[in-house]
1. Can you compute the charge dipole magnitude of the stretch A:59-194 about its Cα centre, using +1 on each Lys and Arg Cβ and -1 on each Asp and Glu Cβ, nothing else charged? Give it in debye, rounded to the nearest 20.
2. Which entries in the list B:74/B:105; A:85/B:127; B:67/B:105 go over 29 Å, if you measure between the two C-alpha atoms of each?
3. With charges only on Cβ, +1 for K and R and -1 for D and E, what is the dipole size of the protein assembly as shown about its Cα centre, in debye, rounded to 20?
4. According to the Kirkwood expression over distinct Cα-Cα pairs, how big is the hydrodynamic radius of the stretch A:59-194, in Å?
5. Can you tell me the 0 to 90 degree angle between the C-alpha axis of helix B:159-168 and the longest principal axis of chain B, rounded to 10?
6. Pull up all non-local amide H partners of residue B:152: gap of 5 or more, or a different chain, and H-to-H distance under 5 Å with H placed in the peptide plane.
7. Using the Karplus curve 6.51 cos²θ - 1.76 cosθ + 1.60 with θ = phi - 60°, what ³J(HN,Hα) values do you get for each residue of the stretch A:151-168, in whole Hz, with x for Gly and Pro?
8. Which Cα, out of A:64, A:156, A:129, lies furthest along the positive dipole direction of the stretch A:59-194 (beta carbon charges, K/R +1, D/E -1)?
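Taken together, the values in this text are just the output of simple stated rules run on the coordinates, not laboratory data. Not measured: the values here are computed from a predicted model. Because the Cβ atoms are built from the backbone with ideal geometry, glycine has one as well, and the counts that use them run over all protein chains shown.
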Amino acid sequence: MGKVKVHRTRPSLDMTPMVDLAFLLVTFFMLTATAVPDEPVTVATPSSVSDIKIPETNILLITVAKDGKVFFSMDGKYHRQELLKKIGERYQINFTDQEAARFGILSSFGLPIGNLKEFLNLSQEDRKNVEQPGIPVDSLNNQLKDWIIFSRMTNPSVRIAIKGDQDSNYPIIERLMNTLIENNINRFNLITSMEQGS
Amino acid sequence: MAEISQGGGGGHKGGKVRVKKASTRIDMTPMVDLAFLLLTFFILTTTLNKPQTMELTMPEKPKETDKPPEVNEKKVVTLLLGANDKIYWYVGITDPKIEVTNFSKDGIRLVLLKKNSEIPGMIILIKPSKESRYKNMVDILDEMNITEMKRFAMVKITTVDEELIKESNL
């Protein structure tokens, strides 16, 4: 074989604009991304054709798990701290400032008010292992009602959203809606996911 | 390769000073890799996290003194949401002829559209039974949206209706 000398030029491409763009997009997505709060239960929402997006702020989220457990969460760190103080007064439980601060960054929870203090004093790791029994919504002991009333007192512009699991039974949802209606909340949102081509 | 090359590099001022040209080229490949990895990650996570919502306005709790509004029973279509995603429905109140359908496109939607054209000013009563699931409720409300039914109400199921479902054996 004869030696064929291939003239090699190193292919060089100026990637600077592309990199600029990539970083611009990274920055954009990083800033717009909101961390998904970790929830004590995973909920499969039913699908609907509704395409109204849920507002980002002033949301009081009531989660209903598959087994009918009810969880509560509200956004706004300071509102939550205030809420805890108020609900503490109502049930004569004294929450310390430290507990209020912890409650401020807590995501969704589903505990009777009596167990809340103990729960707040657990470490972040231990909290994940706690089996949460759900907030009582019985007619005798409707603590959810108090949570809703006091939330609306702390943040009057709050909107109620129900995030139910598609397999949860209707009676629990009915009880929940009746609780809302009894408190003159006639407008609320049901969180659904996008319809997958039917 | 992504690289920066700076032209010039050391001037030639006063006397010939040979400046040793150190390479100013940095290999940016790992950085770019990382940038794109992050980019992909953020794009994927943001689009997935968008919940929809369905607005629901319930009627106010009736006062004790309020009389229930009177309606022509021939205009009333009752939908009973039963177990296993079944819908039992009938027209009128006295001596109802119960029929069963499902949530598919050819099921309840056709029934609703047909009845709507037959009965002017139709009123729909939705009665979810104890065995029905939350999904059924959302689906039926969705169906109301799709078929553009304006007059519907969610009502508590009565024992009479439960009996009807049992008797129908559908």
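1. On the way: 17 positive and 16 negative charges, 79 e Å.
The calculation lands at about 380 debye.
2. Numbers: B:74/B:105 25 Å; A:85/B:127 40 Å; B:67/B:105 37 Å.
In this structure, A:85/B:127; B:67/B:105 lie more than 29 Å apart at Cα.
3. Details: 48 positive and 46 negative charges, 457 e Å.
Using only the charged Cβ atoms, the result is roughly 2200 debye.
4. Details: mean 1/r = 0.0657 Å⁻¹.
Hydrodynamic radius (Kirkwood, Cα only) of the stretch A:59-194 equals 15.2 Å.
5. Approximately 90 degrees, to the nearest ten.
6. Counting only residues 5 or more places away or on other chains, the set is B:124.
7. So the J values, rounded to whole Hz, are 5, 6, 6, 6, 9, x, 8, 5, 10, 8, 10, 10, 10, x, 6, 5, 9, 6.
8. A:156
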